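Quick notes on the structure that follows.
The values are calculated or read from the model by the stated rules, or taken from the named source; none is laboratory data. Being a predicted model, the structure only gives us computed values, none of them experimental. Please note: Cβ atoms are built from the backbone with ideal geometry, for glycine as well, and neighbour counts cover all protein chains shown.
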Amino acid sequence: MSKKSDGPNYLDKWNPFEDLFRTVNHFMQEPPVRGFLQHMDEFFKQPFPHVSFPIDVKDTGDRQIVTAQLPGVKKEQIAIDILGNHLTISVKQQDILTEEDDNNQIYRRSESIQRSSRTITFSHPIDESKVKASYQNGLLKITIPKQPGKKIEIIE
């Protein structure tokens, strides 16, 4: 007993979840949820460029040369601090995103700040007046002259 079909069968096209899918899709496109989902997408798209950055310390005998790789970072975003025998390199990146409608009314503004720092401890105090730093093509180079220490003679 086979039944001949005259055209498209209603049961073949009926999807019991179609209304649910349509409602969820509509919900995801509404402003509060859409904005949240966009923030999540932006968060995971970022490669976390400055969570930590590579550094190298080279001893040349009379000085130490510290290099830090900071591609894409502007000179103004870098801070170098010296305290005793510690050298700290800090990077602060701030991004502000503003979206406007056709009438130049701001309807969304987001701001993200990323900070990272690396501290290097030396075996000698650092004379900050003799430290030199340069920054070119994403490479920070800091030259630190070694301080001559006083040798103590051991007596019997």
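Quick notes on this structure:
- Residue within region 107-115 that is assigned by TED's automatic domain parsing to the domain that holds Asp59 and free of Cβ contacts under 8 Å to residues at least 12 places away in the same chain present: yes
- Members of region 75-97 that are under 22 Å from Lys132 (Cβ atoms) and of a type in the set (Val, Ile, Thr): Ile78, Ile80, Ile82, Thr88, Ile89, Val91
- Residue count for region 100-127, restricted to those that are in a loop (DSSP other than H, G, I, E, B) and surrounded by 11 or more Cβ atoms within 10 Å (Cβ to Cβ): 5.
- Residue, nearest to Asp59 (Cα to Cα), within region 116-142, restricted to residues that are in contact (Cβ under 8 Å) with a residue 40 or more places away in the chain and among the basic types (Lys, Arg): Lys141
- Qualifying residue in region 86-99 (condition: in contact (Cβ under 8 Å) with a residue 40 or more places away in the chain, charged (D, E, K, R) and part of a strand (DSSP E or B)): no
- Residue identified as more than 29 Å from Pro54 (Cα to Cα) and of a type in the set (Lys, Arg) among Lys150, Lys132, Lys74, Lys141: Lys150
- Residue satisfying condition, being surrounded by 14 or more Cβ atoms within 10 Å (Cβ to Cβ) and under 19 Å from the mean Cα position of the chain (by Cα), within set Ile96, Ile89, Ile144: Ile89
- Number of the exception - Ile78 against (1) within 26 Å of the chain's Cα centre (by Cα); (2) surrounded by fewer than 14 Cβ atoms within 10 Å (Cβ to Cβ): (2)
- Any hit, region 45-54, residues being of a type in the set (A, V, I, L, M), at pLDDT below 70 and part of a loop (DSSP other than H, G, I, E, B): yes
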